[in-house]
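**Q** If you scroll down you'll find the structure; I have some questions about it.
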Amino acid sequence: MSSLKYLLVGMLLGVVFVKTEIISWFRIQEMFRFHSFHMYGVIGTAVLVGLLSVQIIKRLKAKSIEGEEIVIEDKLYSPSLILGGLMFGMGWAITGACPGPLFAQIGAGFGAISITLLSAVAGTWTYGLLRSRLPH
Amino acid sequence: MLELLKQPWHWAVGGLLIGLIVPALLLLGNKKFGISSSLRHVCAMCVPANIPFFQYDWKKERWNLFFVAGVFLGGWLASQFLSNPTPIQISDKTVAVLQTQGIKDFAHLLPQDIFSWENVLTLRGFFFFVLGGFLVGFGTRYAGGCTSGHAIMGLSNLQVPSLVATISFMVGGILSTHFILPLFLS
């Protein structure tokens, strides 16, 4: 039951993904070709709002509604940020979707994208398999 | 009101709502916005295969699976009840370039010349569905996050590693758009 609230937040996000058209392969093409401000506007605004929210939460030492302390772990430096980042970027341009929009695309009726999602799961699995042999 | 909601939403509205997901998840249960982790949890749940990377209690991360199930349902809701009746308006420049590369369908959010079931078993389909998806799944986990985890959550928390990741996403996408996609489009 306690997980249902995350389902609702996810639903809001899915609606926004479709209505701002960021699930569109065309919007991603525009972004990587610098032909439109749209995607930069969406991501830039989201970062700004996120940044302000995180600062407020930290200053107020706010707790979650369940009384849990809010702790955000630092991200660590690693060459994998660049190597993995380049790979994901290439995939993002090809599929026109980062992982979130993949789920929304399928929900919005583009059923064939379930193949892309399955392949993404296979990609994650393969990473897990090869992890110890990859530079990190 | 419904008519207004059916139109495409302004980037500022979308950005604001996506940005608010960050504090919403923190306040609801100290959860960090991140979507690609769900792919790892699916592996841990369905095919752990004794791989150490998938040996953890995925049930503790169940919220993330509910979250992406919500994204799926939200996509369905928006397409069923808030669908925009007119074709998507994209930049003329992008349309012109893609036309020269053989794209004909500009009416949908995804061009049906590529992303339809008929293409799944073709070379083009292998590139756009299988290889593209694989790179998304492998790359996000290798980089430790995707657009939500690094570009939005990480940058919101002023993490320099997330800036490095975000720049890498952009460089990979720009290279892929200009040098690799044209080979498979036309």
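The values are calculated or read from the model by the stated rules, or taken from the named source; none is laboratory data. What you see is a predicted model; the values in this text were computed from it and never measured. All Cβ positions, even for glycine, are placed from backbone atoms using ideal geometry, and neighbour counts span all protein chains on display. The protein model used for the area step is the full one, side chains on, heavy atoms only, and it has no ligands, DNA or RNA in it. Shrake-Rupley method; radii C 1.70, N 1.55, O 1.52, S 1.80 Å.
This table checks each residue for (1) within 15 Å of A:PHE103 (Cβ to Cβ); (2) open to solvent by 30 Å² or more (accessible area, probe 1.4 Å); (3) without any contact (Cβ under 8 Å) to a residue 24 or more places away in the chain; (4) in a loop (DSSP other than H, G, I, E, B).
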{"position": "A:LEU7", "(1), (2), (3), (4)": "yes, yes, yes, no"}
{"position": "A:LEU13", "(1), (2), (3), (4)": "yes, no, no, no"}
{"position": "A:PHE17", "(1), (2), (3), (4)": "yes, no, no, no"}
{"position": "A:VAL42", "(1), (2), (3), (4)": "no, no, yes, no"}
{"position": "A:ALA46", "(1), (2), (3), (4)": "no, no, yes, no"}
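**Q** Can you name the helices (runs of 4 or more DSSP H) wholly within segment B:114-186 that have at least 3 residues being within 7 Å of another protein chain (Cβ to nearest Cβ)?
**A** Output list reads B:132-143, B:160-175.
**Q** I'd like to check something: does segment B:94-105 contain any residue that is facing chain A (nearest Cβ under 7 Å), at negative phi, of a type outside the set (A, V, I, L, M) and open to solvent by less than 20 Å² (accessible area, probe 1.4 Å)?
**A** yes
**Q** Only residues that are of a type in the set (Phe, Trp, Tyr), open to solvent by 40 Å² or more (accessible area, probe 1.4 Å) and either outside any helix (DSSP H, G or I) or over 19 Å from A:GLY123 (Cα atoms) (or both): list them for segment B:31-77, please. Full working, then the answer.
**A** We begin by selecting, within segment B:31-77, every residue of a type in the set (Phe, Trp, Tyr); these are B:33, B:53-54, B:56, B:58, B:63, B:66-67, B:72, B:76.
From the residues that got through so far, the ones that are open to solvent by 40 Å² or more (accessible area, probe 1.4 Å) too are B:56, B:58, B:66, B:72, B:76.
Matches in segment B:31-77: B:TYR56, B:PHE66, B:PHE72, B:TRP76.
**Q** Only one of these is among the hydroxyl-bearing types (Ser, Thr, Tyr) and open to solvent by 20 Å² or more (accessible area, probe 1.4 Å): A:SER36, A:SER24. Name it.
**A** Going through A:SER36, A:SER24 in turn, just one is among the hydroxyl-bearing types (Ser, Thr, Tyr) and open to solvent by 20 Å² or more (accessible area, probe 1.4 Å): A:SER36.
**Q** OK, next. For segment A:69-97, how many residues are over 30 Å from B:LEU110 (Cα atoms) and either surrounded by fewer than 14 Cβ atoms within 10 Å (Cβ to Cβ) or under 16 Å from the mean Cα position of the chain (by Cα) (or both)?
**A** Residues meeting the conditions: 8.
**Q** Please go through (1) in contact with a Phe, Trp or Tyr (Cβ under 7 Å, 6 or more places away or on another chain); (2) more than 7 Å from chain B (Cβ to nearest Cβ) for A:VAL42 and return the number of the only condition it doesn't satisfy.
**A** The one condition A:VAL42 does not meet is (2).
**Q** Out of the residues in segment A:79-98 meeting the condition of being modelled with pLDDT of 95 or more and not in a helix (DSSP H, G or I), tell me which one is farthest from B:GLY125 (Cα to Cα).
**A** Only one residue fits best here, namely A:ALA97.
**Q** Another question, then. Let me spell it out: the conditions are (1) surrounded by fewer than 24 Cβ atoms within 10 Å (Cβ to Cβ); (2) assigned to a helix (DSSP H, G or I), and A:ALA104 meets all of them except one. Which number is the exception?
**A** (1)
**Q** Right, next: Quickly run through segment A:96-136 and pick out the residues that are within 7 Å of chain B (Cβ to nearest Cβ) and basic (Lys, Arg).
**A** Result: A:ARG131, single match.
**Q** Still on this structure, I have one more. So which of B:LEU20, B:LEU109, B:LEU4, B:LEU27 ends up being without any contact (Cβ under 8 Å) to a residue 40 or more places away in the chain and buried (at least 19 other Cβ atoms within 10 Å of the Cβ)? Quick ask: steps written out before the conclusion?
**A** Values: B:LEU20 fails: buried (at least 19 other Cβ atoms within 10 Å of the Cβ); B:LEU4 fails: buried (at least 19 other Cβ atoms within 10 Å of the Cβ); B:LEU27 fails: buried (at least 19 other Cβ atoms within 10 Å of the Cβ).
Every option except B:LEU109 fails the conditions.
**Q** Oh, and also: Quick check, is B:ARG62 in contact (Cβ under 8 Å) with a residue 60 or more places away in the chain and out of contact with any Pro (no Cβ under 6 Å at 6 or more places or on another chain)?
**A** no
**Q** Taking segment B:7-17 as the search range and keeping residues that are in a helix (DSSP H, G or I) and surrounded by fewer than 18 Cβ atoms within 10 Å (Cβ to Cβ), which one is farthest from the other protein chains (Cβ to nearest Cβ)?
**A** Applying the filter and picking the extreme gives B:VAL13.
**Q** May I pose another question? If you check B:LEU39, B:LEU73, B:LEU20, which single one turns out to be more than 17 Å from the chain's Cα centre (by Cα), of a type in the set (A, V, I, L, M, F, W, C) and facing chain A (nearest Cβ under 7 Å)?
**A** So the residue among B:LEU39, B:LEU73, B:LEU20 that is more than 17 Å from the chain's Cα centre (by Cα), of a type in the set (A, V, I, L, M, F, W, C) and facing chain A (nearest Cβ under 7 Å) is B:LEU20.
**Q** Being without any contact (Cβ under 8 Å) to a residue 24 or more places away in the chain, crowded, with 18+ Cβ neighbours inside 10 Å and not β-branched (Val, Ile, Thr) narrows it down to one residue among A:SER119, A:SER64; which is it? Working first, answer last.
**A** Working: A:SER64 fails: crowded, with 18+ Cβ neighbours inside 10 Å.
Just one listed residue meets the conditions, A:SER119.
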